[in-house]
Amino acid sequence: MLAWIKHLEQTYQCAGLCSPATFFAFSDVAQGPPNLPCLTYILQEELQSNLAQFGFLNLISGLLVFVSWYAQFSLCWRMKDFKTKVHNQPHNNFTQQNLQDDSYSTVFK
């Protein structure tokens, strides 16, 4: 953070954020007090070059979150539909025979 403040101060000859500071923090005091705050330079120069990249990364991550949500949501509904279909189908004879057979019931207890 200090390196970034030093970069702003040396590049744009500014100090302070919203209002000009009384003195420079990293420059020579013999230059006199700073005339402008650094906020205008931050908004115009520093952030302007990075906003397109920031917006693109936010768009890509938002799409990834939506795709993962859709995949997870569809898996949940698919399992619910599958369970409904299985419970609505009549049981076959093999499972009914297994439930009535004592040898299988002792294994599953």
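Structure values in brief
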quantity	calculated
Under-5 Å amide H pairs with residue 16, H placed in peptide plane, nonlocal only	21, 38
Contour minus Cα-Cα distance for residue 22 and residue 66 (0.36 nm per residue)	10.9 nm
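Bear in mind these aren't lab numbers, they're just calculated from the coordinates by the rules spelled out. A quick note: this is a predicted structure, and the numbers were derived from the prediction, not measured.
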